[in-house]
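Throughout, read-outs are computed from the coordinates displayed, never taken from laboratory work. Since the model is a prediction, treat every value here as computed from it, not as a measurement. When we count neighbours, we look across all protein chains shown, and the Cβ atoms used for this are built from the backbone with ideal geometry, even at glycine.
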Ligand code: PHE
């Protein structure tokens, strides 16, 4: 009897039904009136009392197993069949969806745009493939200026008039051509420069540039706008300083430094012990640029500024290697705020 129980057990374990009919057949063969298990129960009545306890337990366990399996097989097959028939079980638990995170460059870009929108700046975009006039000539670059050199600019199809924009100032030119002052606009976008890739430089990066053209715009307006931006981006304690600089399209021009937000200006590795971090270039729009774009330079003046989003993100989040932004390593990306 012992061996028959074991044999039946193996049979149940090995059985793989192909459809619901086979399950029912199998059930009858085992549990039906003349079924194998029913027969075993009949025989069990005749078993000597000293074996009853042990065999009774085994036979009952076998019966429970058969009942359990029959239900499990039925559920499995019903699921497969209803899925094949295209039926949708809306009561089934949903498959978990991983929540994505925004790329840090997108996060910071959006934050920059939001800060300037609170000052009344709208957003404008433009083409990445540009011509010489929008990127250089309209912006008062002399013909022999080194930034036009093959070293910095990607030209297209050996036609030096068509190129990948090296800054989003080209968008500002397009805005000045198509709108009348007052103009208050920020221009985000990808820019391209023929630079060797390293921890602090890449041939593709992102900029947000800004332009304000109206009557009586002064350097004081520029300074106050940048100070507001720095405090919103890096915290209430942020201070700025301006150093004289040169750009063909602004006069006077300046580089802006923000007090190092890691050491609070005391000096650390990140700010190279100066207490200051360079964040952008800026200046008063050169009258030649206004003229080239059809704006009366005697009536209107303006300021402009431009910053690299990668750099602002590095300073804000302490990212030490710029290449991380382009590798799409999920372990890096997941450290930034999730979408929801
Ligand atoms: N266009 C400059 C650059 O790409 C930045 C800039 C914009 C500087 C506006 C001054 C004024 O480096």
Within region 287-336, which helices (runs of 4 or more DSSP H) (wholly inside it) include 3 or more residues that are under 23 Å from the mean Cα position of the chain (by Cα) and either within 30 Å of residue 268 (Cβ to Cβ) or within 16 Å of the ligand (Cβ to nearest atom) (or both)?
309-317, 324-327, 330-333
Which residue is surrounded by the fewest Cβ atoms within 10 Å (Cβ to Cβ), if the candidates are limited to region 163-180 and must be touching a strand residue (DSSP E or B) at 6+ places or on another chain (Cβ under 6 Å) and more than 20 Å from residue 195 (Cβ to Cβ)?
175
Looking at region 122-177, which of its residues are at positive phi and away from the ligand (no atom under 13 Å from the Cβ)?
157, 158
State all residues of region 275-286 that are within 14 Å of the ligand (Cβ to nearest atom) and assigned to a loop (DSSP other than H, G, I, E, B); if no residue qualifies, say none.
286
Counting only residues that are surrounded by 12 or more Cβ atoms within 10 Å (Cβ to Cβ) and in a loop (DSSP other than H, G, I, E, B), how many does region 26-53 have?
3
